[in-house]
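The values are calculated or read from the model by the stated rules, or taken from the named source; none is laboratory data. Everything numeric here is computed off the predicted structure, so don't read it as measured data. So basically every Cβ, Gly included, is an ideal-geometry build from the backbone, and we count neighbours across all protein chains shown.
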Amino acid sequence: MHPKLAAAVDLLLNLGTLLLFPKLTGWQWFAAWFVIRAVLWALFIRLVYYPPELSRWRHFWSLIFFNFGVIVALSIFIEWTVAWYLLAAVFVIFSAASFWLLPSGESLLAFYRKPFRRWLFLMDAFGLAGFWCGIFALMQFQLWQNTFYPFLEFLGALLTAAVSLWWWRAYGMEYSRRFWLSLAVIFLLTFELAWIVTRWPIGFMVSGMVMIWFWYILWLVMRFNLSKEGIDWKKQKFFLVSSVILFILFMLLARWR
């Protein structure tokens, strides 16, 4: 199966899903749809050609994680119409684009490998953002007692650490004492930040964005620190300074309650 054909079929299925969602009146129907969708992704991934250096399983689990985070955790609580349409566009395009970026032959591997891997990373980042937004929404809407909130923060930090490990390994980072120490640092800092952000008077979507923004910068810096070359602070200076400036502007424009 040609990757471009798989992308086109996936795009049509995603558009059909948007029309189907209003008719899913119960969790059992939604679960049935998700299982069917996962089976179709597995079929596509089995039929499409993959160069030896690209992992079918990483693609499959990135699709599962992305869609579960974006649809289950984010879309359930969306109220702003503009945000819903933006999220719908992300849902329709992202999984199809992951197939589109697959090389159709080994000769294109060097050109396509990095964009494909970065796209899967972006999908997992969206999925993780969805989970954090869902966690903060559960807290703000007080669907459970306050004593349950630390467990949700712990669960979110644990999932964030798992995604960090998953992608450090994808970039060739080897297990070592420094590797596990860096993972522990990400877990602890994420858990502490979640505890702080929970007490900020901001909406759950902004809270989720704060968590992912912080996590991406921390994950990237530690990834370079784990590499043999180490961190080149001169190359990262512009990225870090611009991230701080954009974050400040983002927080100034956010709606505080």
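Residues checked against (1) out of contact with any His (no Cβ under 6 Å at 6 or more places or on another chain); (2) buried (at least 17 other Cβ atoms within 10 Å of the Cβ); (3) among the hydroxyl-bearing types (Ser, Thr, Tyr); (4) at pLDDT 85 or above:
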position	(1), (2), (3), (4)
Val82	yes, no, no, no
Ser95	yes, yes, yes, yes
Arg117	yes, yes, no, yes
Met123	yes, yes, no, yes
Cys133	yes, yes, no, yes
Leu143	yes, no, no, no
Tyr149	yes, yes, yes, no
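Kindly establish whether Leu18 is in contact (Cβ under 8 Å) with a residue 60 or more places away in the chain, part of a helix (DSSP H, G or I) and loosely packed, with under 14 Cβ neighbours inside 10 Å. Don't jump to the end; show me each part of the working.
Working: in contact (Cβ under 8 Å) with a residue 60 or more places away in the chain: yes; part of a helix (DSSP H, G or I): yes; loosely packed, with under 14 Cβ neighbours inside 10 Å: yes.
Considered against the rule, which asks whether it is in contact (Cβ under 8 Å) with a residue 60 or more places away in the chain, part of a helix (DSSP H, G or I) and loosely packed, with under 14 Cβ neighbours inside 10 Å, Leu18 comes out as yes.
In segment 150-165, the residues that are more than 15 Å from Val197 (Cα to Cα) reach residues that are aliphatic (A, V, I, L, M) with C-beta atoms within less than 6 angstrom, at least six apart or across chains, in these pairs: Ala161/Leu183; Ala161/Ile186; Val163/Leu128; Ser164/Ile186; Leu165/Leu183.
Can you go through Trp41, Trp29 and tell me which one is in contact with a helix residue (DSSP H, G or I) (Cβ under 9 Å, 6 or more places away or on another chain), under 18 Å from Gly127 (Cα atoms) and in the same structural domain as Phe99 (by TED's automatic domain parsing)? Lay out the reasoning, then the answer.
Working: Trp29 fails: under 18 Å from Gly127 (Cα atoms).
Testing whether each residue is in contact with a helix residue (DSSP H, G or I) (Cβ under 9 Å, 6 or more places away or on another chain), under 18 Å from Gly127 (Cα atoms) and in the same structural domain as Phe99 (by TED's automatic domain parsing) leaves just Trp41.
Of the residues making up segment 69-80, those that are surrounded by fewer than 16 Cβ atoms within 10 Å (Cβ to Cβ) and at pLDDT 70 or above number 0.
With the structure loaded, tell me whether Leu188 is touching a Lys or Arg at 6+ places or on another chain (Cβ under 9 Å), modelled with pLDDT of 85 or more and in the same structural domain as Ser242 (by TED's automatic domain parsing) or whether it fails that test. No, not satisfied.
Among the residues of segment 27-61, which ones are under 19 Å from Ile71 (Cβ atoms) and of a type in the set (D, E, K, R)? Break it down stepwise before answering.
So in segment 27-61, the residues under 19 Å from Ile71 (Cβ atoms) come out as 27-42, 44, 59-61.
Arg37, the sole residue that qualifies.
For Phe136, are the conditions met, namely being assigned to a helix (DSSP H, G or I), closer than 24 Å to Met251 by Cβ and not assigned by TED's automatic domain parsing to the domain that holds Val244? When the stated conditions are applied, Phe136 passes them. For segment 1-34, the candidate set comprises residues that are more than 19 Å from Phe94 (Cα to Cα) and under 24 Å from the mean Cα position of the chain (by Cα); within that set, the residue that is modelled with the highest pLDDT is Ala32.
Test of understanding: among Met173, Met211, which residue is of a type outside the set (Gly, Ala, Ser) and more than 15 Å from Ser227 (Cβ to Cβ)?
Details: Met173 fails: more than 15 Å from Ser227 (Cβ to Cβ).
Answer to the check: Met211.
Look at Leu128 and say whether it is aliphatic (A, V, I, L, M) and buried (at least 18 other Cβ atoms within 10 Å of the Cβ). Step through it out loud before you land on a result.
Details: aliphatic (A, V, I, L, M): yes; buried (at least 18 other Cβ atoms within 10 Å of the Cβ): yes.
Answer is yes for this residue.
Taking the listed residues Tyr216, Tyr171, Tyr175, the one that is in contact (Cβ under 8 Å) with a residue 24 or more places away in the chain, within 23 Å of Ser55 (Cβ to Cβ) and exposed (fewer than 13 other Cβ atoms within 10 Å of the Cβ) is Tyr171, with no other qualifying. Residues in segment 102-115 that are under 21 Å from the mean Cα position of the chain (by Cα) and either assigned to a helix (DSSP H, G or I) or modelled with pLDDT of 85 or more (or both): Tyr112, Arg113, Lys114, Pro115.
Out of curiosity, is Leu54 part of a helix (DSSP H, G or I), under 23 Å from Phe116 (Cβ atoms) and touching a residue at least 24 places away in the same chain (Cβ under 8 Å)? It would help to see each step written out before you state the result.
Working: part of a helix (DSSP H, G or I): no; under 23 Å from Phe116 (Cβ atoms): yes; touching a residue at least 24 places away in the same chain (Cβ under 8 Å): yes.
So Leu54 does not fit the description; no.
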